[in-house]
1. Determine the principal axes of the Cα atoms in the stretch 286-331, then give the extent along each, sorted from largest to smallest and rounded to whole angstroms.
2. With each pseudo-label sitting 7 Å past Cα toward Cβ, what's the residue 83-residue 304 distance in nm, one decimal?
3. So for the chain, averaging the separation of alpha carbon pairs under 8 Å that are six or more residues apart and normalising by length, what relative contact order in percent results?
4. Which Cys residues of the chain have no other Cys beta carbon under 4.7 Å away?
5. Applying a 10 Å radius around every beta-carbon, put 325-335, 79-89, 57-67 in order of their mean neighbour count, most first.
6. Of the listed values (i) -0.25, -0.44, -1.18; (ii) -0.40, -0.63, -1.07; (iii) -0.22, -0.39, -1.23, grab the one calculated as log10 I(q)/I(0) by the Debye sum over Cα atoms at q = 0.06, 0.08, 0.14 Å⁻¹ from the structure here.
7. Taking residue 407 as the anchor, which lysines have their alpha carbon closer than 28 Å to its alpha carbon, excluding any fewer than eight residues away along the same chain?
8. Apply the Karplus curve 6.51 cos²θ - 1.76 cosθ + 1.60, θ = phi - 60°, to the phi angles in the stretch 212-229 and return the couplings in whole Hz, x for Gly and Pro.
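Bear in mind these aren't lab numbers, they're just calculated from the coordinates by the rules spelled out. In this text, all values refer to a predicted model and were calculated from it rather than measured experimentally. Every residue, glycine among them, receives a Cβ derived from its backbone with ideal geometry; neighbour counts consider all protein chains shown.
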Amino acid sequence: MEASSAVRFASGVALRLVVGGLALMALVPRVHAQSTCEASEHGMRADGSDNLAALTKVLSECAGRTIHIAAGTYTLSPHGFAAGMTVPAGTSIVGDGSQGARRTVLQVAPTGNFQAVFWIRNVSNVAIRGIRIDGTTHESGCARHLDYGHAIYIQSDKGQQSGVDGVELSGNFLHNFNGQSWVTVNATDGSPGIGYNGPINIRNNVFDSQADLVGGCAATGGIGYPVAMVWLHGSDLSPQGVVKNVNVVSNAFNAAYVKGAIAVWSGTDTIAIERNRIGETGLHLPPSSGELGRYAISVYNSAHEQPGLHPNNVRIVDNVITDPVSCGVYVAVGRGLTIVGNRITGQRDRFDGTLPKGAISLNHADSVSDLRDNELANNYIGIASVGSQINMGSNRITPGPGGVAQKIR
C-alpha cells in the first residue's frame, strides 16, 4: 500500500484517536500522574543527530515518571545489531501525536537494527502513546536465524517474582518493521506471566507496511516463517507462562507486505480482538505456489502435543477485513472462540487441499462457542471447517465468482 493509500486507510481511525484521547488518558496507571520529564532537557534533539544515548539517559533519569518527547524527528542510530532500550516500571513515554504536521517521530537509521526499539520486560504500569516509530532498512538477520527488527517487546521471564501488568500502547503509528513481529507480547516457559493483574491494551494504533519494507523474511520464509504485526505468545512447554487479558482494539493494519496482522499462539487466555480494520494481508508479497499462510487474524495452537495451553477464550468481534490472501480468520485448535459481527471481503487463496481456506477457516477448532452475524462477501469460500466444533448461528455469505458459501468437512 503506497503512502497516499495508507493515509486514506488510516483516516478511519484518526477521528477515534482524537475523540478517544480523553478516555485513553484515564487508562494510565496513577503512578504516571507525577510531574512530566521533558526529553529535551536530557539531551534529545530533533536535528538529525543520533539520540540513542540521550533516549537511554532520559529513560534512566526519568524512571517512574511521564517522559514527554516534543514534536520532531529523532534519529536512533544502532551500530549493527543492538538490543534496544528498556522502559522502567511505572514510566510513560508520550509524544505530541503520531500523525499530522506536529508529530513525534523516532526514526531507526539504516546503520543497524534493534532487537526491539523498546523493551517492557518484567515491569508493570508502562505506557507508550502518541509516537510514530519508523523501522530501519538494515537487515533483521532472519536469514541467519537472528531475531531483530521489532518495535515494542513486552516480556515476562522465568524466575521473576511478579508478572507484567498494566501496559498501554495507544495512538502510535508503527511503520515498516522487518522483524517477525512488530509488537510482541511473550510469556516464557515458567514465567509469572502477563496480564494477570492489569490488562495489556493495544488500542487506536496504526500499523503500516509499504513497498520499501526490506530486510526481513516475510517474502522468502515460506509458511514455516509467519510474520505478524501483533504477536501474542505464552509457553508451549507448560501451563505456566501465560499471556492473559490482552485487548487489541480499534487499530488499523495496512498489512500488504507482511503475512499477518494479529497472531494468537499457545499459552494465551482471554484475548479481545475487536473493531480493528485490516487491509490487504500479504497481498503485495511476491506470488508463490503452495501454502502461503497469509492470515489477517490467526489463532494457532503452537504447542501441538506439548503441555502448553491451547489458545482459550478469544473474542474476534466487529473487525473489518479487506482482501486477505489466504484467510480473514484462521483457527487451528483454539478453544472457546467467539467470532461475531466481522465483515470480511476479498479472500482469494484457492489452495485448500492441505489446509482449509476461507474468509473464516476453522481447522480442528476445539470449540467455537459463537459464530454468527458475520458478513462475508466476494470470497472464494465464506466459511471453511475441518473437524471443528461449531455453534453456528446466522451469517450473511455472498461468495465471489466461482466461490462457495460454506465448505464443511
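1. Result, largest extent first: 36, 30, 10 Å.
2. 3.2
3. Normalised by residue count, the contact order of the chain is 9 percent.
4. 327
5. 325-335, 57-67, 79-89
6. Given (i) -0.25, -0.44, -1.18; (ii) -0.40, -0.63, -1.07; (iii) -0.22, -0.39, -1.23, the structure-derived one carries the label (iii).
7. Within reach: 259, 357.
8. Once rounded to whole Hz, the list reads 8, 6, 10, x, x, 10, 4, 7, 10, x, x, 5, x, 10, x, 9, 9, 6.
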